[in-house]
Amino acid sequence: QMDVANPFSFKYIKNLKSIDVNSFDDRGASVVFASPGMLQSGVSRQLFDRWCTDSKNGVLIAGYAVDHTLAKEIMNQPKEVVSLEGRRQPLNCLVDYVSFSAHVDFMQNRNFISKVQPKHIILVHGSKEEMGRLKSALMLQYKQMPENKRPSLTMPPNLQPVTLKFTRRRAAKVIGSLADRDKAPKEGEAVKGILVTQNFNSKIIAAEELSTYTQLRVGSVSSKLHVPFAGQVETLRLFLNEMFSGVTEQSIESDDGGDTFSIFGLHENKVTVTAGRTKGVATVEWDANPVGDLLADAIIALLMHAQGSAASIRITSQPCSHQVKNEEPPMKKTRGESIVAHRLNLIFNLLSNQFQDVEPSYEQYSG
């Protein structure tokens, strides 16, 4: 039936899907709706350059024209215009303007702003003259209101930043054990809990009551890391006590009744180090949190250092079993002299492990 009677088949109107302006047959009268509306390029600009010199032709600007465009320029009726090819040619055709825009006009904008009553008004994307008229009318209207209730009104040019300040007060209900108190809290008093916001409603709850008043659950992440460790438990014990304070130790027998292994605890046993259970491996366990992660990193670095440092080699080394014949028989020392010499030797070994080029100098004391 569309072939017999098509309501969209017009006798004098047709859709030009593509048009070659140079070969366009304009010998008879015609009306062409062409884009873009600013006449900067495209079919509309090509047809304008072709027809603007003839006084029988006319251009109808429909809608808003942006400043510094050809559509805005010809609305001021200049005598000459510059074509796309750069030639100057006279403007003899008729130029007119009709309001055929999807944008609202002055009265519609003003009525809309009056009904919404915003706190901030920014006028953009419009003719400078029309926006200035709207700004003047709004300023005159808000002049009757108290100054603290007037909205801010700006009309910034392009690329100028605008800063808006919003004051917002948030309220939260304290529920559960945090609200169970004899006296009302004082202003500025700290409340320790978890802030939960749902559907724009906020409440403060104690951490242990989170599952009671919400659908949330509190979880924790436990971390376990196996670190290669070929040293002895004595070496690890020495290094841990030298580095940290409050180190606890538990000696536990293995399930098969074999050798015992040691578990060292740090930070109230929240971080543990197990050595001796698996040969060549030390296990570090902790609950993931900022303090636990920091201690675990330090312990892992300490385990790696304890295996290769000069101090650990000296501690774990064994004396040579070969007997060496002394040319001179050793002098017999008293018990007091042996204790002093042993302590001096310990001090010398400790300094040698920490510093370089330590030379002892012994002096005879008589008193």
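The values are calculated or read from the model by the stated rules, or taken from the named source; none is laboratory data. Computed from a predicted model, the values in this text were never measured in an experiment. Cβ: placed from backbone, ideal geometry, glycine included. Neighbour counts: every protein chain shown. For the accessible areas, the whole protein counts, side chains as well, though only heavy atoms, and no ligand, DNA or RNA atoms are used. Shrake-Rupley method; radii C 1.70, N 1.55, O 1.52, S 1.80 Å.
A few comments on the model shown:
- Applying a DSSP loop filter and a limit of 11 other Cβ atoms within 10 Å to the trypsin sites (Lys or Arg not before Pro) in the stretch 75-179 leaves Lys79, Arg87, Lys143, Lys165, Arg168, Arg169, Arg170.
- Estimated FRET transfer efficiency when R0 is 25 angstrom, pair Ala230-Ala298 (beta carbons, to 0.05): 0.80
- The stretch 144-230: C-alpha gyration tensor shape, a/c 1.5 cut-off, then a/b vs b/c: oblate
- Pairs of Lys residues in the stretch 153-249, spaced 8 or more positions apart or belonging to different chains, with C-alpha separations under 22 angstrom: 8 in total.
- Antiparallel content of DSSP bridges confined to the stretch 1-151, in %, to 5: 40 percent
- DSSP bridge pairs, the stretch 26-98: antiparallel proportion in percent, nearest 5: 40 percent
- Candidate lysines - alpha carbon under 17 Å from Lys79, same-chain residues fewer than 8 apart omitted: Lys56
- Taking only protein heavy atoms and a 1.4 Å probe, the accessible area of the stretch 97-156 is 56% carbon and sulfur.
- Degrees between helix 335-354 axis and first principal axis of the chain (Cα, 0 to 90, nearest 10): 20 degrees
- Net charge of neighbours whose Cβ lies under 15 Å from the Cβ of Ala34, counting Lys and Arg as +1 and Asp and Glu as -1: +1
- The chain: angle of helix 233-243 to the longest principal axis, Cα-based, in degrees nearest 10: 60 degrees
- With helices as the sole contributors, the chain gives -8500 deg cm²/dmol at 222 nm; each DSSP H run of n ≥ 4 counts as -39500 (n - 2.57), and the sum is divided by every residue.
- Taking GluC sites (Glu not before Pro) as exposed when their DSSP state is a loop state and no more than 15 other Cβ atoms lie within 10 Å, the longest site-free interval of the chain runs over 86-186.
- Those residues of the stretch 244-269 whose amide nitrogen sits under 17 Å from the label point placed on Ser220, 7 Å along Cα→Cβ: 265-269
- Taking all protein chains together, Ser127, Ser338, Ser251 sort by accessible area into Ser251, Ser338, Ser127, largest first [probe 1.4 Å].
- Reachable aspartates and glutamates, given that their alpha-carbon falls under 20 Å from the alpha-carbon of Lys279 and they are not under 8 places away in the same chain: Glu234, Glu249, Glu253, Asp255, Asp256, Asp259
- Loop sites by DSSP among the chymotrypsin sites (Phe, Trp or Tyr not before Pro) of the chain, restricted to those with at most 12 other Cβ atoms within 10 angstrom, leave 201-354 as the longest stretch without any of them.
- 0 to 90° range, to nearest 10: angle between helix 128-142 axis and the chain longest Cα axis: 70 degrees
- Principal axes of the chain: Cα extent on each, largest first, Å: 135, 67, 64
- Low-density loop positions, trypsin sites (Lys or Arg not before Pro), the stretch 258-308 - DSSP coil, at most 15 other Cβ in 10 Å: Lys270, Lys279
- Contact order relative to length of the chain, as percent, for alpha carbon pairs under 8 angstrom and 6 or more apart: 8 percent
- Inter-site label distance for Phe106 and Tyr362 at 7 Å from Cα along Cβ, in nm: 11.0 nm
- Each Cα pair under 8 Å and six or more residues apart adds its sequence gap; the mean of these over the residue count of the stretch 1-131 is a relative contact order of 20 percent.
- Counting only DSSP beta bridges with both residues in the chain, the antiparallel share comes to about 75 percent.
- Average accessible area per residue (Å²) across the stretch 68-222 - probe 1.4 Å, nucleic acids and ligands excluded: 85 Å²
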